[in-house]
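Trainee: Got a structure here, written out as structure tokens. Questions coming.
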Amino acid sequence: MSAHASTKEDDAAVLHFGAEFPIDECECLSDAEVSTILDNALKSGSEDRPFLRKALEYARRGAGARPTEVLKTEAVHIRQALENLEFPAPAGALHVFEIASLTNLMGKDSEPEEAKALIPSLTRYTDDQLAQVLEAVANAKAA
């Protein structure tokens with residue numbers, strides 16, 4: 001298979017992630033969720049694990065000094081709020097990739113245009129629908 005054919009198959013803008021990641025069998029994690037997993041792995045091991053430490057630093061890059069427990073709770077609230085949103089066809093429910101991406105990228109003052117620029121698959125939603133999504137993110141972050 002050529003590199004070009006593989007590129008057509010893997011395209012996050014249209015929520016195609018290739019045969020390795022079947023939609024019904026994969027879960028996408030937010031940076032906060034990955035941080036929690038890596039933090040637990042580092043705490044449970046006695047040997048030095050530089051790769052895990054570097055991965056944790058990368059996953060926490062946008063968190064600042066906020067504790068892992070706060071990030072974890074926030075991620076859970078955002079995921080629950082976004083999983084509960086349903087929109088009429090053709091937009092439909094948010095994909096797990098979009099939920100993880102929104103959890104990672106969105107601030108409390110984000111606009112629909114910003115969300116569409118950062119996560120191109122969101123272009124299937126109207127600005128009003130995306131405003132609802134962003135409001136759900138902001139409310140979950142404030143909880």
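The values are calculated or read from the model by the stated rules, or taken from the named source; none is laboratory data. These numbers come from a predicted model, not from an experiment. For accessibility, only protein heavy atoms count, side chains too; no ligands or nucleic acids. Shrake-Rupley method; radii C 1.70, N 1.55, O 1.52, S 1.80 Å.
Trainee: Could you check how much of the accessible area of the chain is carbon and sulfur, as a whole percent, using a 1.4 Å probe?
Mentor: On the chain, the fraction of accessible area on carbon and sulfur atoms equals 56 percent.
Trainee: Can you compute the helix-only [θ] at 222 nm over the chain? Use -39500 (n - 2.57) per DSSP H run of at least 4 residues, normalise by all residues, nearest 500 deg cm²/dmol. The partial results should precede the final answer.
Mentor: Numbers: 7 runs with 80 residues, N = 143.
The helix-only estimate for the chain comes to -17000 deg cm²/dmol at 222 nm.
Trainee: Right, here's the next one. Could you give me the ³J(HN,Hα) list for the range 115-127, computed from phi with Karplus coefficients 6.51, -1.76, 1.60 and θ = phi - 60°, whole Hz, x at Gly and Pro?
Mentor: Coupling constants for the range 115-127: 4, 5, 5, 7, 10, x, 5, 6, 5, 6, 9, 6, 4 Hz.
Trainee: Would you kindly state how much longer the chain becomes between residue 51 and residue 83 on full extension, computed as 0.36 nm times their sequence separation minus their alpha carbon distance, in nm to one decimal?
Mentor: Residue separation times 0.36 nm, minus the Cα-Cα distance, leaves 8.3 nm.
Trainee: Full extension from residue 113 to residue 16: what is 0.36 nm times the residue separation minus their Cα-Cα distance, to one decimal in nm?
Mentor: 32.7 nm
Trainee: Using modelled amide H (1.01 Å from N, peptide plane; none on Pro or chain starts), what sits under 5 Å from the amide H of residue 11, excluding residues fewer than 5 places away?
Mentor: The list, which skips near neighbours in sequence, is 16, 17, 18.
Trainee: Using the eigenvalues of the Cα gyration tensor, what equivalent ellipsoid semi-axes result for the range 49-143 when each is taken as the square root of five times the eigenvalue, whole Å, largest first?
Mentor: Semi-axes from the Cα gyration tensor: 26, 14, 12 Å.
Trainee: Counting only heavy atoms of the protein chains, get the accessible area per residue of the chain (1.4 Å probe) and round it to a whole Å² value.
Mentor: With all protein chains present, the chain gives 61 Å² per residue.
Trainee: Can I ask one more? Find the lysine pairs in the range 5-143 meeting two conditions, Cα atoms under 27 Å apart and a separation of 8 or more places or different chains, and report how many there are.
Mentor: Within the range 5-143, the lysine pair count is 12.
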